[in-house]
Every structure is written in C-alpha cells, then in structure tokens.
1. What percent of all Cα-Cα pairs in the range 176-316 falls in each 10 Å bin, counting up from 0?
2. Give the cross-link partners of Lys98 among the lysines, using a straight C-alpha distance below 29 Å as the criterion and excluding same-chain residues fewer than 8 apart.
3. Thr195: net charge of surrounding residues, Cβ under 15 Å, Lys/Arg +1, Asp/Glu -1, itself excluded?
4. Any idea what the dipole of the range 145-256 comes to, in debye rounded to 20, about its Cα centre with Lys/Arg Cβ at +1 and Asp/Glu Cβ at -1?
5. At a Förster distance of 51 Å, what's the computed FRET efficiency of Gln45 paired with Thr234, Cβ-Cβ distance as r, to 0.05?
6. Could you list the residues of the range 46-73 with an amide nitrogen less than 18 Å from a label point located 7 Å from the Cα of Gln97 in the Cα-to-C-beta direction?
7. List the residues of the range 228-251 whose backbone N lies under 19 Å from a point placed 7 Å from the Cα of Gln292 along the Cα-to-Cβ direction.
8. Below 18 Å, Cα to Cα, which lysines can Lys117 reach? Residues fewer than 8 away in the same chain don't count.
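Derivation of every value follows stated rules applied to the coordinates shown; laboratory data play no part. Since we're looking at a predicted model, the values are computed, not measured. Note that we place each Cβ from the backbone using ideal geometry, even for glycine, and neighbour counts take in every protein chain shown.
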Amino acid sequence: MKPWQKMMATIVWSGAILITSGLGAVPVHANALSSQTYAPVVLLQPQHHIPFSVTFTDGFQAKVTNLRTKAVSTFDLSGNKATYLNQGIYQPNGKLQKPTNGYVQKLVELVPFRDGKGNLRWMGKQIIGGVNNQDQIAVATSVWKIVDQKPQLLAVTLEKADVDNLPSPDVSINSGFKMKSDSTFVLDTKYADVTGDGVKDHIFLVGDKMGLSMNQTAENLRLVVREGKDNQQTFISVGARDRGLLPKLHITDGNNDQVKDILVTMPTASGNIYSQITWKRNRPTPVVDQDQLNNRSLYQPIIGAHGEAVAMKRVK
C-alpha cells in the first residue's frame, strides 16, 4: 500500500460521504483561489438523487420532467429515427406506435470545480437517454455547495447532450493513475474521438498532488489519450506551464480542421493558463505554442458556464 493510502480517511457527513485525505493535503492560499476547505469528490446519499422521467411523444420527441420541480423540457429524437423505426417505436410519419420511456442515470457523485467567479462548487451530471446506451438525449447538470458539511443544491440545467464533453465511462475522476510517482491522479476525463479515426477515445488529464483532496495545486499535468481503436496510450505534457488548481478539459475544434482538439484550463493564483492539443501524424501536438496561446493580445478565452474555457478566440 502506498504511504498516502495509509493516511486516507473516509469521513461520513450527515449529508454525504466524503472521501478525502486526512493528512498531507495542502490548502491553497491565494486570491480568489484561497480556501481552507478540502474539496474531495462527494459520493451522495440516495435522497440527494435528482429524479427525472423520460416519455416519448409523437413527432420523434421526448418530454423530460424533473420530478422535483415538475419542470418539463422537450428534446428532438429525429437524429436516431432509423433505430426507433426499426424497433417499431414510431411510424414513419412520426406517430408513436407504442408507449416508450427513456432512462436516466442516477446522481451518485459530485466533482469539485471553480465557477467563473472563483467560488468552490461541486458538479453532478446525469445522462438522459432513449432506448439504448448510445442514444444520449440530454444531460442534467446540477451545481451544489457544501454548507455545514451538507450538500445544498444551487441549480439544475437540462441541455442537449454534448456527446464530446461527457466523462469517460472507464476511469473515475480522482482515481490513482499508475506512473512513476505514487501521487499521480486523474483530474478530469472526456470521451470523444480526438484521433480522427471515427472511434471514441478516452482522454485523461493527470497530475501529481498529495492525497485525495482535489482542492490543491496539481503539478506535472499531462494528457493521456487511450485510443478507442486499440487501447494504445499516448502521453503529452500540457506545456512548460503545467500546474493548476482543479484543472479542466474541454473538447472543441479550435482550428476547424475537423479533428477535435483538447483544451486544458489550469487555474492559478495569477489567473488561468491554457493549453490546446490536437492530433497530427498519429501524435498529439499543440495547436498553438503555449506562450502564444496565453498572450491575451493574441488569444482570448471563451469561458463556459462552469468556469473553464470552451474555445480560444484569435484576436484580430
């Protein structure tokens, strides 16, 4: 057993089970990133699950109802029309042939992140699907805070599934990753075709930190691409500036070459640092030199709803 594993403690809170390191996790003390709070991945108790119902309706549509708030959203199913016709769920004219319900992934885990204002928050994602695991209709994203050791729900948004920015189904965030260091952890994951071969790949952002608390600076940040075609793993550093607090991934196509890029956001005490990696000649390579990408007179980040960059815009 590794030394840090011997120190690992499971702390049971009245509202959640928090898995964190009892010793060795150093809080960060700097500007908006300052916090005395440990930030583990939170495993929720069943009563915190957000239930949804998914009902197919005429016109190749699905009504998704938040059973807590009774809010209803409607999503288009026509992209998977052929499957529904083959299974006899719909008639060619869009008439529902037999009552059909979709499925909803249970909310069991919250992952810490920094929002656009630098606040420490936790995020949960629930995939909402149709009749099979490949038919992802929408994603419910919930944002939480921890108050007096209890999770409190702040907001829930329901959006069409961005299939390139769902987490890897194979590797959990904050799990250990076998490398030279005993302190290497998976900090974020995505599941998308970034090699351009038509098969989805597993993308991991890994880095070194002391223990399971995620609210500390991770160093030696690297990208790992596990190719979906043959499980071959390729590693690349994010660049010379390779440290950050709660760093995040986003899949985009920043250079419009039809090959998806991996955009990395690395929050630091002095501001965010970015890297953007793409696949060329069977190897990962920077889209833009890291120094140029972080020159604000050349590139400006487009920040998403949860604080990380979703694109880098060239300044004209």
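1. Per 10 Å bin, starting at zero, the Cα-Cα P(r) for the range 176-316 comes out as 12, 45, 34, 9, 0 percent.
2. List returned: Lys63, Lys70, Lys81, Lys106, Lys160.
3. -1
4. On the way: 14 positive and 16 negative charges, 78 e Å.
Approximately 380 debye in magnitude.
5. About 0.85, to the nearest 0.05.
6. 56-62
7. Residues 237-241 qualify, since their backbone N sits under 19 Å from the label point.
8. Cross-link targets: Lys145, Lys248.
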